[in-house]
Amino acid sequence: MTQSLIQGQNLSKVYGTATGPLVALDDVSFHIEEGEFISLVGPSGCGKSTLLSILGGLEAKTEGTLVVGGKHHDAPRADIGMMFQTSVLFPWRSIRENVRLPGLILGLDKRQQAQRSEELLDMVGLNGFGDRYPGELSGGMRQRVGLARLLAHDPRMLLMDEPFGALDEFTRETMNLELLRIWEKTRKTVIFVTHNIGEAVFLSDRVFVMTPRPGRLEGIVEIDLPRPRTTAMMRDPRYSELVFEIRRMLGVDH
């Protein structure tokens, strides 16, 4: 039997506060296969971002085991890329320079990175914008730059913390389609945090549903919609069934 790419067993995270310990995650176990698209949903404060930070090696777990690619994992690594709700671009660097930044930090071949940055800007629909600066772009375009930068050093896993949460609904839908197009082309393993249940169903292979704090894994919903996904699927009765199944698990199906 082949080993899953990511295996978490009995993961817990406890923060020390002035009023005593705060349990953010409690006894969370899961596995994620290579090339899967996983979404994490749950109420604010349920530990979604904490779990993502642990997966990215940015925070240490308090208890449990986490194995990534067959190795115990507790620190940042080059084969994991992270993207946040804001694009966090350097305003004094051009778009091209922002995309090349991970390769520069990792000491990758400059000529190869220059070529890859142009390919990525083209992939995310920003061909011709390389010499612009972040302040000259819309929010949606800046997130496209963030997506290109996420892919610049060709990570094996993409961890995305509500990357489109601050965008308007139309731009968000466009970015979801863009992300799916890139995922279908690259088949990276994606773990995607969102508050939007419909977005999670539309994007994912499986949705991990989390409880209010202390964050536990309430259940995992298999998304059996066919791929490639299209916006027309949002009118499919099965799409609605899956959305309401997750709503029921979260206790918001009134």
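Values computed for the structure shown
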item: Ascending count of other beta-carbon atoms within 10 Å, so fewest first, for His153, His31; result: His31, His153
item: Long-range Cα-Cα pairs in the stretch 33-138 (distance over 20 Å), rounded percent; result: 55 percent
item: Rg ratio (alpha-carbon, reference 2.2 N^0.38 Å) - the chain; result: 1.02
item: Quarter of the Cα convex hull surface for the stretch 189-254, i.e. its orientation-mean projected area (nm²); result: 4.8 nm²
item: Stretch gain in nm, segment Asp224-Glu118, where the contour uses 0.36 nm per residue and the Cα spacing is subtracted; result: 34.6 nm
item: Candidate lysines for bridging to Lys110, where Cα separation is under 27 Å - those fewer than 8 sequence places away on the same chain excluded; result: Lys185, Lys188
item: The stretch 37-86: Cα Rg divided by the 2.2 N^0.38 Å rule of thumb; result: 1.19
item: Computed lengthening from Glu34 to Thr231, 0.36 nm per intervening residue step minus Cα-Cα distance; result: 68.4 nm
item: Fewest-first sequence of Leu203, Leu101 by Cβ atoms within 10 Å of each Cβ; result: Leu101, Leu203
item: Computed FRET value (nearest 0.05) for Ala60 with Thr19, which takes r as the C-beta separation and R₀ as 22 Å; result: 0.55
item: Difference of contour (0.36 nm per residue) and Cα-Cα distance, Asp154 to His72; result: 27.4 nm
item: When the convex hull of its Cα atoms is projected in every direction, mean area for the stretch 129-247 (nm²); result: 8.6 nm²
item: Cα-based Rg / Dmax (Å) for the stretch 85-173; result: 12.5, 38
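Read-outs: derived from the displayed coordinates by stated rules, not from any lab. These numbers were taken from a predicted model, which means no experiment stands behind them. All Cβ positions, even for glycine, are placed from backbone atoms using ideal geometry, and neighbour counts span all protein chains on display.
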